[in-house]
1. Count the net charge of all other residues whose Cβ sits under 12 Å from the Cβ of Arg94, scoring Lys and Arg as +1 and Asp and Glu as -1.
2. By average Cβ neighbour count within 10 Å, what is the ranking of 131-143, 87-99, 49-61 from highest down?
Amino acid sequence: MNIPFLDSWRKRHGQAPGVTLDETADRDPEGLAELLAECELLRAHAQSAGVVLDDSPSSLEALDQVQPRWREDPELVPWLGNDAGLYAGTVVVRTVPGAGWRIRSDGQPVVRLANGREADVVEAGLQWAADGAPELSQIYAELSES
């Protein structure tokens, strides 16, 4: 899992050595949601484009309309895509009843819906950053209907 601010979060929350992120998710789902919602790089790019990320579905639509200048920097694409996926997942978790984060055995955060379906939002975010498809708002629409 590519979350650059994880070490600073662990310092703030005093995670014990040897405790996995998955165990933290079980003990503190709100803390995990807070961690995954940070998305600092995406928030900075959105702010520079005049987009307010307020964890609403409409903010995903606004992100879909941002000119993808990050594609000019191939090193930036995976970082921004990771953040985009985490942000899309955050919107789902905060607005879709019964949705929550789960950490897979490989360390990848996924959104688990009330019906048990899991969605790899990070992979979708990476595709969005690289190609523009699927749109973040489309990901939300699909998951909110499940």
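1. Numbers: positive: none; negative: Glu30, Glu34, Asp54, Asp55.
Charge balance near Arg94 sits at -4.
2. Answer by packing, highest mean first, reads 87-99, 131-143, 49-61.
Since every read-out is calculated from the coordinates, none of them should be taken as a lab result. Not measured: the values here are computed from a predicted model. Every residue, glycine among them, receives a Cβ derived from its backbone with ideal geometry; neighbour counts consider all protein chains shown.
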